[in-house]
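K.L.:
Once you've had a glance at the structure underneath, I'll fire off some questions.
The values are calculated or read from the model by the stated rules, or taken from the named source; none is laboratory data. These numbers come from a predicted model, not from an experiment. Because the Cβ atoms are built from the backbone with ideal geometry, glycine has one as well, and the counts that use them run over all protein chains shown.
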Amino acid sequence: MASVNVKRAKLAEADVHQKTVALNRVAKVTKGGRTFSFAAIIVVGNENGVVGHGLGKAREVSEAMDKGKEDALKNLIKVPVRNGSIPHEQYAKYGAAKVLIRPASKGTGVIAGGAMRAVLESVGVTDVIGKSLGSTNPHNVVKATIKALALLRDPITVAKQRSLDLDHVFNGTNND
C-alpha cells in the first residue's frame, strides 16, 4: 500500500480541520426511562494530503465530537494529491457501501455527496468526481472513501515498483 500512516506527533492539532459527517442521538430504554447518548462521525484533515476518520460516543454532543476527533487523529493516512486532483481512478468497498472516485480536470470542483464530500474536502482534493454506490450509511461510506484514497499510488511509487523512469509511466512507451 502506497499510503503510510502518519504519526500523530507530526500533525499538530492546530493544523487539522474537523468536519462532522453525522451526529446520531441514540436512546437506551431502562427501568427509569430513556437514556439518551450521542454518536458522532468526525473527519479530520490538513487539506494537504492527510485525512483520518473517527467515531465518538458520549452523553453530551461536545464530548462525542471531542472523542471522535481524538479517534480520527489516531487513524490518519497520507494521500497523493497532485494539482488538486487524484492520480488515477479508484474503486473501493466497505460493507455494503461502494465508492468510485475519478480524477477531474481543473475547475471541475468536488462532485460528490454527503459523507464522500467531507472526506475529499478534508484531504485537500479540489477537482474530483465521486459516486457513492450501494449503501448510504455514513459510517461505511466514509470508511470506503478512505479505503479508496489509501489505495491510490503516485507516479513516483509506480515507477519505483516497476523499475522504470517517470517518462515510461506517463507516456506508456516501452522500448525494452
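K.L.:
Just the residues that are of a type in the set (K, R) and either surrounded by 19 or more Cβ atoms within 10 Å (Cβ to Cβ) or not in a helix (DSSP H, G or I) (or both), please, taken from segment 68-80. Can you show your working first?
P.N.:
Applying the first criterion (of a type in the set (K, R)) to segment 68-80 yields 69, 74, 78.
Residues satisfying the conditions are K69, K78.
K.L.:
Additional query: Kindly indicate whether K28 is at pLDDT below 95, in a strand (DSSP E or B) and not assigned by TED's automatic domain parsing to the domain that holds N137. Quick ask: steps written out before the conclusion?
P.N.:
Details: at pLDDT below 95: yes; in a strand (DSSP E or B): yes; not assigned by TED's automatic domain parsing to the domain that holds N137: yes.
In short, yes.
K.L.:
Now for a different question. When only residues in segment 53-104 that are of a type in the set (S, T, N, Q) and in contact with a strand residue (DSSP E or B) (Cβ under 8 Å, 6 or more places away or on another chain) count, which is modelled with the highest pLDDT?
P.N.:
To start, the set of residues in segment 53-104 that are of a type in the set (S, T, N, Q) comprises 62, 75, 83, 85, 90.
From what is left, the residues that are in contact with a strand residue (DSSP E or B) (Cβ under 8 Å, 6 or more places away or on another chain) are 75, 85, 90.
Working: N75: 90, S85: 89, Q90: 93.
In this case the residue turns out to be Q90.
K.L.:
Sticking with this one: Find the residue count for segment 36-63, including only residues that are surrounded by fewer than 15 Cβ atoms within 10 Å (Cβ to Cβ), under 30 Å from I86 (Cβ atoms) and not polar (S, T, N, Q).
P.N.:
0
K.L.:
One residue is enough: does segment 73-82 have a residue meeting the conditions in contact (Cβ under 8 Å) with a residue 12 or more places away in the chain and over 13 Å from the mean Cα position of the chain (by Cα)?
P.N.:
In the first step, residues of segment 73-82 are kept if they are in contact (Cβ under 8 Å) with a residue 12 or more places away in the chain; the result is 73-82.
So of that shortlist, the ones also over 13 Å from the mean Cα position of the chain (by Cα) come out as 74, 82.
Scanning segment 73-82, I find at least one residue that is in contact (Cβ under 8 Å) with a residue 12 or more places away in the chain and over 13 Å from the mean Cα position of the chain (by Cα), so the answer is yes.
K.L.:
Looking only at segment 81-119, which residues are out of contact with any Lys or Arg (no Cβ under 9 Å at 6 or more places or on another chain) and over 18 Å from T136 (Cβ atoms)?
P.N.:
Scanning segment 81-119 gives V81, R82, A104, S105, K106, G107, T108, G109.
K.L.:
Determine which member of the set T173, T157, T126 is more than 19 Å from G54 (Cα to Cα), of a type in the set (V, I, T), at pLDDT below 90 and surrounded by 15 or more Cβ atoms within 10 Å (Cβ to Cβ). So that I can check it myself, show each step before the final result.
P.N.:
Values: T173 fails: surrounded by 15 or more Cβ atoms within 10 Å (Cβ to Cβ); T126 fails: at pLDDT below 90.
Going through T173, T157, T126 in turn, just one is more than 19 Å from G54 (Cα to Cα), of a type in the set (V, I, T), at pLDDT below 90 and surrounded by 15 or more Cβ atoms within 10 Å (Cβ to Cβ): T157.
K.L.:
Next up: Please work out which one of (1) part of a strand (DSSP E or B); (2) β-branched (V, I, T); (3) touching a helix residue (DSSP H, G or I) at 6+ places or on another chain (Cβ under 7 Å) is the condition I129 fails and give its number.
P.N.:
(3)
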